[in-house]
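*Asks:* Just dropping this structure here.
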Amino acid sequence: MTTAVAAAAPNRTLIGILCMLVASSMFPVMNGLVQILSERYSTEQIVWARAASHLVFILALFAPRVGVALVRTHTPKWQIIRSGVHLLSMLFFFTGVKYLPLAKAASISFTAPFFVALLAWPMLGERMTAERLMAVIVAFLGVLVVIRPGTEVFQWASLYMLGSAVCYALYQILTRRVAPHDSAETSAVYSPLVATAVMTAVVPFVWTPIAGWTDAALLFSLGIIGGIAHYFVARAMIHAQANIIAPFGYWQLVGSVIVGYLISGYLPDAFTWIGAGIIVCAGVYIAWCEARDRPTLTARRA
C-alpha cells in the first residue's frame, strides 16, 4: 500500500502541474478578448458581461447538485466585501489592459502574490520572514524595470494594473478568511455576485448595442473562460502543494506574449523581459522557501 501511494504521488503532482498550465493558458486568451472588445465597448459593459456570465455559469454548474445551500453563507459580511474587492480588481485590470501590451500587463499582475505576502501578516497573522520580505522588495524592483517611471515609455495604465494586483491580493486573503466557514462552491458563487449586481445597475448608462452574435458570444465567453480557468487552478491545488504548482502560473507570461503578438504584432522589449524575469525569480524563490520550511512546520505541529 505504501509503495502504491508513493508511486501515485508523482502522478498527482504532474496532474496538478498540468491543471495549472491549462489555467495559465486560458487567462491570456480571456485578457486578449478583453483587449479586442475594449475597442468597441466600455470597461463597465465588459466587466458586467464577465461577471454576469461567470455567475450564470457557476449557478448552472453547482445549483442542480447543491441546491439552496449554495448561497447560504456563515460569513455574509466578508463574502460581500470579498466580492466587492474582486469587482475593483476587474475594473482596474480591464481598464489597464485597454492601454497596455498583454505581456506588460501580465508581468505587473504577477505582483499579487507579493502583496498577499505583505498583507497576510497584519490581516491573517501569517509570519513575514526576512527572506520573504527580501523577495517582495526584489519583485517591486522588477516592476520598476517593467514600467520605468519617470521615462518617456512610462504609461499611467501601469498603475491600474498595480491597483488590480493589490485588490486581487485582498481578494485572496479574504478567500482564506472565509474558507473555514463556507464551502468552495458558495465562495465561487459570491465571487461575481457584487460585480453582477453593481454593474447591472451601472451598465444601462454606458450601454453600447452589441454588434452581432459574434460579439455577444465573445462577451459572454469571458465569464465561462474565467470560471473554467479558476476551476483548473482549484483542481491544481487539490492534486499538488501550492508551492510546487505556483511557479507554473508564470506560464501566463508566455501565453500573453503569444496572444499579444497575434492581436497587435507587438513583442515585449528587453526591459519588459528583464523585469518580468526578476519578478518570476522572486516568486519562485518564495515558493522554494515555503517548500523548505513546510517540513519544519509540520514537525513542530507533530
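*Asks:* Only one of L133, L91 is open to solvent by 20 Å² or more (accessible area, probe 1.4 Å), over 19 Å from F154 (Cβ atoms), assigned to a helix (DSSP H, G or I) and touching a helix residue (DSSP H, G or I) at 6+ places or on another chain (Cβ under 7 Å). Can you tell me which?
*Replies:* Answer to the check: L91.
*Asks:* Name the residue, out of P113, P28, that is under 20 Å from the mean Cα position of the chain (by Cα), within 30 Å of G275 (Cα to Cα) and modelled with pLDDT under 85.
*Replies:* P113
*Asks:* List the pairs whose first member sits in segment 203-227 and is open to solvent by less than 50 Å² (accessible area, probe 1.4 Å) and part of a helix (DSSP H, G or I), whose second member is of a type in the set (S, T, Y) and at pLDDT 90 or above, and whose Cβ atoms are under 7 Å apart, counting only residues at least 6 apart or on separate chains?
*Replies:* Hits for this filter: L222/S53; G223/S53.
*Asks:* Would you be able to say whether some residue in segment 168-176 is under 27 Å from S25 (Cα atoms), modelled with pLDDT of 85 or more and not hydrophobic (A, V, I, L, M, F, W, C)?
*Replies:* Yes: segment 168-176 contains one or more residues that are under 27 Å from S25 (Cα atoms), modelled with pLDDT of 85 or more and not hydrophobic (A, V, I, L, M, F, W, C).
*Asks:* Okay, moving on. Select, from V47, V85, V56, V22, the only residue that is in contact with a Phe, Trp or Tyr (Cβ under 8 Å, 6 or more places away or on another chain), part of a helix (DSSP H, G or I) and open to solvent by 40 Å² or more (accessible area, probe 1.4 Å).
*Replies:* Working: V47 fails: open to solvent by 40 Å² or more (accessible area, probe 1.4 Å); V85 fails: open to solvent by 40 Å² or more (accessible area, probe 1.4 Å); V56 fails: in contact with a Phe, Trp or Tyr (Cβ under 8 Å, 6 or more places away or on another chain).
Residue meeting the stated conditions: V22.
*Asks:* Quick test of your reading of the structure: V166 fulfils all but one of (1) more than 30 Å from V71 (Cα to Cα); (2) surrounded by 18 or more Cβ atoms within 10 Å (Cβ to Cβ). Name the failing condition by number.
*Replies:* (1)
*Asks:* Among what's in segment 228-242 and is open to solvent by 40 Å² or more (accessible area, probe 1.4 Å) and of a type in the set (G, A, S), pick the residue that is farthest from the chain's Cα centre (by Cα).
*Replies:* It comes out as A242.
*Asks:* Separate question: Which pairs have Cβ atoms under 6 Å, sit 6 or more apart or on different chains, and link a residue in segment 239-262 that is more than 14 Å from I108 (Cα to Cα) to one that is modelled with pLDDT under 75 and open to solvent by 20 Å² or more (accessible area, probe 1.4 Å)?
*Replies:* Taking only residues 6 or more apart or on different chains, the pairs are N243/E290; N243/A291.
*Asks:* Among the residues of segment 34-48, write down those that are under 21 Å from A106 (Cβ atoms) and touching a residue at least 60 places away in the same chain (Cβ under 8 Å).
*Replies:* Within segment 34-48, V34, Q35, I36, L37, S38, I46, V47 qualify.
*Asks:* Among the residues of segment 173-184, is any outside any helix (DSSP H, G or I), charged (D, E, K, R) and either open to solvent by less than 50 Å² (accessible area, probe 1.4 Å) or within 23 Å of P113 (Cα to Cα) (or both)?
*Replies:* yes
*Asks:* Restricting the search to segment 243-268, which residues are within 21 Å of F114 (Cα to Cα) and either crowded, with 21+ Cβ neighbours inside 10 Å or under 14 Å from the mean Cα position of the chain (by Cα) (or both)?
*Replies:* Keep residues of segment 243-268 that are within 21 Å of F114 (Cα to Cα), which gives 243-254, 256.
Within segment 243-268, I245, A246, P247, F248, G249, Y250, W251, Q252, L253, S256 qualify.
*Asks:* Further, regarding this structure: Quickly run through segment 265-302 and pick out the residues that are modelled with pLDDT under 75 and of a type in the set (S, T, N, Q).
*Replies:* The answer is T296, T298.
*Asks:* Further, regarding this structure: Name the pairs whose Cβ atoms lie under 6 Å apart, with the first residue in segment 101-119 and open to solvent by less than 20 Å² (accessible area, probe 1.4 Å), the second aromatic (F, W, Y), and 6 or more positions between them or separate chains?
*Replies:* From segment 101-119, the pairs are A112/Y168.
*Asks:* Based on this model, can you work out whether S187 counts as touching a residue at least 40 places away in the same chain (Cβ under 8 Å), of a type outside the set (F, W, Y), closer than 30 Å to T75 by Cβ and not in a loop (DSSP other than H, G, I, E, B)? Explain how you work it out, then say what you get.
*Replies:* Details: touching a residue at least 40 places away in the same chain (Cβ under 8 Å): yes; of a type outside the set (F, W, Y): yes; closer than 30 Å to T75 by Cβ: yes; not in a loop (DSSP other than H, G, I, E, B): yes.
Answer is yes for this residue.
The values are calculated or read from the model by the stated rules, or taken from the named source; none is laboratory data. What you are looking at is a predicted structure, and each value in this text was computed from that prediction instead of being measured. In this analysis, Cβ positions are derived from the backbone assuming ideal geometry, glycine residues included, and neighbour counts consider all displayed protein chains. Protein only, heavy atoms only, side chains kept; ligands, DNA and RNA dropped before computing areas. Shrake-Rupley method; radii C 1.70, N 1.55, O 1.52, S 1.80 Å.
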